[in-house]
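Scroll down for the structure; my scribbles are underneath it.
Read-outs: derived from the displayed coordinates by stated rules, not from any lab. None of the values given here were measured: they were computed from a predicted structure. With ideal geometry, Cβ positions are generated from the backbone for all residues, glycine too; neighbour counts draw on all protein chains shown.
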Amino acid sequence: MISIILTTYNRPDALNAVLAGLAAQQNDDFEVVIADDGSTSSTTNIIANWQDKLKLRHVWHEDNGFRAAAIRNKAILQSRGNYMIFMDGDCIPRPDFVSQHKALAEQGYFVAGNRVLISQSATTRYLETGEALHTWPFAQYQQAAQQKDLRRSFALRQFPGQFWRKHISQSWKGVRTCNLGVWKQDLLTINGLDESYTGWGHEDADLAVRLLRAGIQRKDGRFATTVLHLWHPENDRSQLKENEQRLTAILSANHTEAKTGLREHQAN
């Protein structure tokens, strides 16, 4: 069984659009574990509206700043699947998103997908009208790109085959937890995400570095699993310098386990 770890924070309109995309999946053998970084009741109300359409569980902790690593770890521990697909609550999946990730899942690998970017004006318009972006044919995405509503529409094309997807098997760069498939056992082996990273930036790069160091290789999920990333204001980057220093330190070290991660929650 697949567990989708879906991170959100006070963006109920975007979360609603993402859940609509998940409810429309061709493969329904998955659960959605919402990793809520301290949202208010507006988010809870949206989740309640989808309870009868999806296998949902809501994992919440107090709003104490940007703590995406911590809430993802808590969601992992409450998941029932043996394969995790990480998503953000503003990244809309197309109907074959889960089936494509399932087809790419392979022991000894994690799958790093990508995204296309929706403009600010188009995001506002789509959310206000309830436009079902996940149902569009490719030609409609191309038209949106011509109107500057969408960037990198070519990434929504799909290419067959598996072997070529291992061409960057040792690279951590560009790996993002807005679209990432990882075996749960591999996450347990490296003690999950490192909660030393607070504030925006680099906790996903750190995760990729440690997975590679543990012998888990990268598989390229582009041109198969691409998501539609709604616009949002830039996150607070006041702690970016400290997170960059943490990433530099892990790159020059040799350990694989998170300093503070899954086991620390299990101990509590």
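Some notes on this structure:
- Gained length - Ser169 relative to Thr44, 0.36 nm times residue gap less alpha-carbon distance: 41.1 nm
- Segment Gln78-Lys148, extension gain: residue separation times 0.36 nm, minus the distance between their alpha carbons: 21.2 nm
- DSSP-defined beta bridges in segment 2-267 - what % are antiparallel, rounded to 5: 30
- Sorted on the mean count of surrounding Cβ atoms within 10 Å across their residues, most packed first, peptides 175-182, 22-29, 116-123, 217-224 read 175-182, 217-224, 116-123, 22-29.
- Shown here: segment 119-227, whose C-alpha atoms stretch 44, 37, 20 Å along the first, second and third principal axes, sorted largest to smallest.
- Estimated at 0.36 nm per residue, the fully extended path between Glu106 and Ala24 surpasses their Cα-Cα distance by 27.1 nm.
- For segment 82-161, the Rg and Dmax computed from alpha carbons only, in angstrom: 14.1, 43
- Span from the segment 147-175 Cα centroid across to the segment 1-65 one, whole angstrom: 25
- When all alpha carbon pairs of the chain are counted in 5 Å bins from zero, the resulting P(r) reads 1, 6, 13, 18, 20, 18, 14, 7, 3, 0, 0 %.
- Of Lys173/Lys241; Lys55/Lys102; Lys102/Lys259, pairs whose Cα-Cα distance is over 20 Å: Lys102/Lys259
- Under the criterion of Cα pairs below 8 Å and six or more residues apart, the relative contact order for the chain equals 24 percent.
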